[in-house]
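Notes follow once the structure below has been shown.
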Amino acid sequence: MTLLDQLPRLSPYDPGASGEGSLDPMGLAPIAERMAELLVPGLRARMSLPRFVTLTAVGAVAVQSLVDEIGSDGSTTADLAYEWLVVSALVQSKDPTAVRSLPGSRKARRALNIGEGLNAQTYLRGPRVFGFTGVHRPFSVDAGIIDNRGLPLDTAASLVLAWEKDTGMDGFFSGPRASRGGNFRRTIEEQSLNALKTDSAPKQSRLYLDIQRTLLPSSPGTAERAQLHRIVMHSSHEIRNTLSRMIFNDPPPQDIPEHEIAAHLLPRAPADLRVLLYAMTAYEECATVIDRAFRDLVRHMSAQTGSTDPDSLQMLIKAAQSLPALTQRAIDTAAEVDNHVADTYAVISHLSADIAESTALFHNPMGPRSMFDALLERHRQVQESKDKLMWLDQIKGSWITRSAYRNQPHTDSENWIHPMRLSTLQRFVDTTR
């Protein structure tokens with residue numbers, strides 16, 4: 001299978017998509033992602049429930065003999081065929097929690113409702129990225145559950161054995177076919193192979209009853225939960241382990257935004273973690289002002305007829321007043337990361353220089369008219385680097401918002417604009433207590 005085969009494809013079950021890079025119009029996300037990787041390596045903001053890692057481990061054990069098999073469609077691998085089976089089972093469960101945080105559940109229901117089994121056309125596009133295995137793959141690999149080919153490693157063995165104990169599936173990991181678990185494993189293997197050959201999971205199967213009973217994403221048993229807790233709390237990453245212990249010993253309130261989680265942790269954080277949290281906070285405060293000023297400007301110009309007077313726009317006045325100090329603080333605190341944390345953990349980050357470059361247009365004091373020009377120039381640079389059009393067109397001296405970007409939401413929230421994985425880590429710690 002080539003890399004091209006793994007790229008997302010648009011299926012008839014997906015809505016069309018268009019745009020000019022709407023997620024990051026000011027080009028500030030890559031630095032935030034690097035800071036998050038220093039703080040919470042191995043996790044991603046999209047990860048939801050740690051038990052999806054158990055589902056991955058169970059599948060890796062069951063279909064490991066099929067690792068080199070490719071479906072007759074030329075692209076589907078055994079782990080995806082297994083995922084078709086699991087998703088098909090869960091969306092047909094009578095338990096309302098069965099599809100909690102399950103990627104692709106709506107598409108799966110839609111396909112099954114019209115009498116089609118899950119396959120490459122009816123499931124997610126880009127399933128190796130967006131399916132539950134793909135979403136949680138970075139954590140599964142980081143924790144030593146699977147390797148880069150999807151084969152089970154030592155941590156998968158201990159996790160699956162704990163799952164066996166809770167579910168009565170003795171023999172799944174290494175027992176004979178005659179054992180209950182061994183029969184389940186062989187049935188998964190056989191039906192995954194059949195799905196590869198027929199390019200589809202069955203709409204109905206007795207296997208689905210066992211999947212529904214033993215693999216609901218939100219229902220780990222006692223032994224499995226304890227094993228997941230060890231995996232979450234004891235990684236190979238010192239800073240992440242420190243964060244995990246702090247969250248476990250002094251939990252932040254549930255469902256608070258990430259800037260409040262950071263504020264909760266800061267007073268008791270050791271020096272290296274405190275440096276990172278300060279830098280992250282400073283960068284996000286700066287990035288949030290830049291990004292929201294631009295989006296508010298786009299929203300304002302969407303409602304305007306004729307030319308815009310920058311001197312009258314409060315979002316530009318506020319940004320012009322605050323950004324010189326905010327950008328300097330972001331640069332200075334990132335320099336502390338470069339000098340202390342990055343050296344300590346052998347990470348070459350150059351965060352300070354990169355923040356200085358990405359915010360260069362906002363360092364100096366300026367009026368609202370200059371802020372208007374700076375925001376548009378930064379956006380132009382970012383879009384040009386992505387070979388994308390700007391969100392606005394200049395027509396006869398006036399800037400006109402392109403139709404796809406006219407509904408920018410307005411918010412006065414202090415929430416950070418980039419996910420920094422603190423919420424994900426808190427969720428993983430809390431749900432494995």
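Taken over the Cα atoms of the chain, the convex hull encloses 157 Å³ per residue.
Test of understanding: ordering Met233, Met366, Met420 by Cβ neighbours within 10 Å, fewest first, what list do you get?
Taking fewest neighbouring Cβ atoms as first place, the list is Met233, Met366, Met420.
Here Arg378, Arg44 are placed in order of increasing Cβ neighbour count within 10 Å, fewest first, which gives Arg44, Arg378. Candidates Leu276, Met233, Ala335 compared by Cα position along the dipole of the stretch 226-340: farthest toward the positive end lies Met233, with charges placed on Cβ.
Taken over the stretch 15-123, the ratio of Cα radius of gyration to 2.2 N^0.38 Å equals 1.33. Taking only C-alpha pairs under 8 Å that are 6+ residues apart, what is the relative contact order of the chain in percent? RCO, the chain: 23 percent. Amide H contacts under 5 Å for Val63: none, restricted to partners 5 or more places along the chain or on a different chain, H placed in the peptide plane at 1.01 Å from N.
Under 5 Å between amide hydrogens, built in the peptide plane, is the criterion, and for Leu392 it picks out Arg402 among residues at least 5 positions away or on other chains. Working ranking of peptides 276-285, 168-177 by packing, defined as the average number of other Cβ atoms within 10 Å per residue, highest first, is 276-285, 168-177. The value obtained for the stretch 106-259, namely the Cα convex hull volume divided by the number of residues, is 157 Å³ per residue. Relative to the Cα centre, the charge distribution of the chain, modelled as +1 at Lys and Arg Cβ and -1 at Asp and Glu Cβ, gives a dipole magnitude of about 1440 debye.
Extension gain for Lys396 to Glu238 (0.36 nm times residue separation, less C-alpha to C-alpha distance): 51.2 nm.
Once the Cα-Cα distance is subtracted from the 0.36 nm per residue extended length, the Arg180 to Ala353 segment shows a gain of 56.4 nm.
The translational diffusion coefficient of the stretch 180-240, from Stokes-Einstein at 20 °C and 1.002 mPa s with a Kirkwood hydrodynamic radius over alpha carbon pairs, comes to 150 µm²/s. Screening the chain for DSSP H helices whose Cα atoms reach 18 Å or more along their own axis and whose mean Kyte hydropathy is at least -0.5 gives 78-91, 154-167, 271-303, 314-336.
So what is the relative contact order for the stretch 271-405, in percent, with contacts set as C-alpha pairs under 8 Å and at least six apart? The normalised contact order for the stretch 271-405 reaches 31 percent.
Per-residue ellipticity at 222 nm computed for the chain from its helices equals -16500 deg cm²/dmol, with DSSP H segments shorter than 4 residues left out and the rest contributing -39,500 (n - 2.57).
Straight Cα distances below 25 angstrom link Lys94 to the lysines Lys107, Lys165, Lys203, with same-chain residues fewer than 8 positions distant left out.
The residues Arg34, Arg295, when put in order of fewest to most other Cβ atoms within 10 Å, stand as Arg34, Arg295. Around the amide H of Asp147, modelled in the peptide plane, lie the amide H atoms of Leu153, all under 5 Å away and 5 or more residues distant in sequence or on another chain. Counting only Cβ charges, +1 for Lys and Arg and -1 for Asp and Glu, the dipole size of the stretch 42-233 around its Cα centre is about 660 debye.
All of the numbers you see were taken from the coordinates with simple rules; none came from a lab. Here the structure is a predicted model, which means the values were calculated and not measured. Because the Cβ atoms are built from the backbone with ideal geometry, glycine has one as well, and the counts that use them run over all protein chains shown.
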